[in-house]
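Below: the structure, in C-alpha cells.
The values are calculated or read from the model by the stated rules, or taken from the named source; none is laboratory data. A quick note: this is a predicted structure, and the numbers were derived from the prediction, not measured. Note: ideal-geometry Cβ built from the backbone for every residue, glycine included; neighbour counts use all protein chains shown. The area values use the complete protein model at the heavy-atom level, side chains included, leaving out ligands, DNA and RNA. Shrake-Rupley method; radii C 1.70, N 1.55, O 1.52, S 1.80 Å.
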Amino acid sequence: MRTAILYRFRLPLEAGVILRYQRLKTRDGFLVHLQENGQQGWGEISPLPEFSKETVEQAGEAAVEWLKPWCLDAEPGESKLPSVAFGISCALAELQGELPEEADYRKAPLCNGDPDELIVRLSEMSGQKVAKVKVGLYEAVRDGMVVNVLLEAVPDLSLRLDANRSWSRAKADGFAKYVNPDYRNRIAFLEEPCQTSAESLAFARDTGIAIAWDESLRDEGFSVEAQEGVAAVVIKPTLTGSLARCRQLISAAHNAGLETVISSSIETSFGLTQLARIAHWLTPATIPGLDTLELIQSQLVRRWPDSTIPVTGLDELEIAWRS
C-alpha cells in the first residue's frame with residue numbers, strides 16, 4: 001500500500017538576500033513524504049524565484065498531480081517542472097534505498113563582506129582551499145580588484161566565480177584586466193561570464209580564465225562537450241530536474257573531461273543534506289557548492305552537521321495534501 005503527504009514550509013531568510021531583480025524574504029516550498037511497504041522516502045520541492053521557471057504554487061499543484069496516481073499504484077512519468085521532478089526523484093531514491101546515506105559536507109565558502117576579514121578566514125582554512133565569489137552584482141572592475149586581492153593574499157587559494165550571465169563582453173574584459181595574468185590559473189572557473197555562450201567562450205580563449213556552464217545546461221538544445229576554455233559544469237538539481245537527468249549530465253561532463261560541481265539553489269537544510277549525499281555519491285572528487293545554509297534563519301527537519309541554527313520541526317508545518 002502506498003501513501004503520501006505533502007508538507008508546505010515557509011522559512012524566513014536573512015535580510016539582504018537579493019535574487020536578480022527582487023529581495024527575497026522567505027524560502028517557500030514543500031517536503032514530500034512517500035511510504036510503501038514499511039519503507040519511506042523524502043524530498044524537497046523548492047523552486048527558486050527568478051531562476052526556476054515554475055512558481056511555488058505551480059510546483060505544489062504538479063506535485064499533487066503526480067502523487068495522486070502514484071498512491072493508486074500507477075507509475076507516473078517525471079514531472080515537467082524541474083523542482084518537482086527533482087524532489088520526487090529524491091523521495092523515490094530514498095524509498096528504494098538508492099540514495100546513499102554517506103554525504104560530502106565540505107563546502108566552498110561563499111565570500112562576501114570585508115576583504116580583510118575574508119583574507120584571514122580563507123588563510124585559516126584547512127585542507128583544500130576552494131572558495132566562491134559572486135561577481136556581476138557591482139562594477140566589473142571592482143570585482144576584478146577584489147578577486148586579485150584575494151588571490152594575491154592567499155597563495156594556495158583557488159576561486160570559483162559566478163557571474164550569472166550578467167556582463168557584456170566589454171565588462172568581462174574590464175574584470176579580467178584587473179586580475180594579474182599570473183593568478184588567472186587559480187580561478188578554477190568563472191560561471192557564465194557573458195550574456196551569450198559564444199561571448200563566454202571567446203572571453204575564456206582570449207583571457208586564459210576558464211569558464212563553467214550553469215544556465216546553459218538548461219537551454220534547449222545545449223549539449224555538454226569538450227570545448228577550449230571550458231573547465232566545468234555546475235549542476236543545480238532543483239533547477240535541472242530529476243536525479244536521472246542530473247546523472248546524465250554528470251556522465252556527459254565526465255566523458256568530456258570536465259569537472260562537475262553539485263550546487264545549491266538556496267535549499268533548506270533538508271535539501272542541502274540530500275545534495276551533500278548526492279555529491280558524495282556522484283561527484284566524490286569535487287567539493288560541492290553548498291554554502292547557503294546561513295541564508296535561511298531556520299533549519300528544516302534535518303540538521304546540517306554542527307550547525308547551531310534553530311530547527312523547524314515537522315509538526316510545525318502545514319499539510320498541503322495527503323492520501
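Tabulated values for the structure
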{"quantity": "Local net charge near Phe222, Cβ-Cβ under 14 Å (Lys/Arg +1, Asp/Glu -1)", "calculated": "-3"}
{"quantity": "Cα-projected label distance for Asp114 with Glu228, points at 7 Å along beta-carbon direction, nm", "calculated": "4.5 nm"}
{"quantity": "Net dipole in debye of the chain [+1 Lys, Arg Cβ; -1 Asp, Glu Cβ; about Cα centre; nearest 20]", "calculated": "260 debye"}
{"quantity": "Under 19 Å from the Cα of Lys236 - lysines, other chains or at least 8 residues apart", "calculated": "Lys53, Lys80, Lys107, Lys132, Lys134"}
{"quantity": "Three-way shape call for segment 95-226 based on the alpha-carbon gyration tensor, with the a/c threshold at 1.5", "calculated": "oblate"}
{"quantity": "Efficiency of FRET between Ile319 and Gln40 - r from beta-carbon atoms, R0 22 angstrom, step 0.05", "calculated": "0.90"}
{"quantity": "At R0 = 45 Å, FRET efficiency that the Cβ-Cβ distance of Gln22 and Glu102 yields, to 0.05", "calculated": "0.75"}
{"quantity": "Local electrostatic count, Lys107, Cβ distance below 13 Å [Lys/Arg +1, Asp/Glu -1]", "calculated": "+1"}
{"quantity": "Solvent-accessible ranking of Arg184, Arg277, largest area first, probe 1.4 Å", "calculated": "Arg184, Arg277"}
{"quantity": "Between 0 and 90°, nearest 10: helix 197-207 axis offset from the chain longest Cα axis", "calculated": "40 degrees"}
{"quantity": "Shape category assigned to segment 99-143 from the gyration tensor of Cα positions, a/c cut at 1.5", "calculated": "oblate"}
{"quantity": "Peptide ranges 48-61, 164-177 listed from the most packed, as the mean C-beta count within 10 angstrom indicates", "calculated": "164-177, 48-61"}
{"quantity": "Between 0 and 90°, nearest 10: helix 269-282 axis offset from the chain longest Cα axis", "calculated": "70 degrees"}
{"quantity": "Accessible area, probe 1.4 Å, largest first, for residues His280, His254", "calculated": "His254, His280"}
{"quantity": "Relative contact order (percent, whole number), the chain, Cα cutoff 8 Å, 6+ residue spacing", "calculated": "20 percent"}
{"quantity": "Projected label distance in nm at Glu75 and Arg302, using a 7 Å step from Cα toward the beta-carbon", "calculated": "2.5 nm"}
{"quantity": "Between segment 124-190 and segment 254-287, the alpha-carbon center distance in angstrom", "calculated": "22 Å"}
{"quantity": "Surface accessible to a 1.4 Å probe, per residue, for the residues of segment 127-183, Å²", "calculated": "46 Å²"}
{"quantity": "Global geometry of segment 50-137, whether rounded, prolate or oblate, following the gyration tensor of its Cα atoms and the 1.5 cut on a/c", "calculated": "oblate"}
